[in-house]
Amino acid sequence: MRMDAGHCAALEVRRGATGAAEYFCRVYERRPQICRDLARGSPECEGERATKGARVHGGVSHLT
Ligand code: SF4
């Protein structure tokens, strides 16, 4: 999983009908095993993201 600006480089953010940010995986069909093993938004998922995000010294505040 390659990180970019504190989030996964495959993550795509779109604006939904209500204007809210919606998150999509551009490589969903071939996403890494870790993404299949961890439930989206679970503490383990958040932990993985935090660990990887900290390495890139960036955040996702500009996406919301
Ligand atoms: S499912 Fe995995 S590869 Fe896809 S955006 Fe999320 S972290 Fe990235």
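The values are calculated or read from the model by the stated rules, or taken from the named source; none is laboratory data. Predicted, not measured: the structure shown is a model, and the values here were computed from it. Cβ placement follows ideal geometry from the backbone for every residue including glycine, while neighbour counts extend to all protein chains displayed. Keep in mind that these areas ignore ligands, DNA and RNA; they rest on the heavy atoms of the full protein, side chains included. Shrake-Rupley method; radii C 1.70, N 1.55, O 1.52, S 1.80 Å.
Structural remarks
- When residues of the stretch 1-25 are limited to those that are within 7 Å of the ligand (Cβ to nearest atom) and open to solvent by 40 Å² or more (accessible area, probe 1.4 Å), the one farthest from the chain's Cα centre (by Cα): M1
- Residue in the stretch 38-55 that is at pLDDT 85 or above, open to solvent by less than 60 Å² (accessible area, probe 1.4 Å) and touching a strand residue (DSSP E or B) at 6+ places or on another chain (Cβ under 9 Å) present: no
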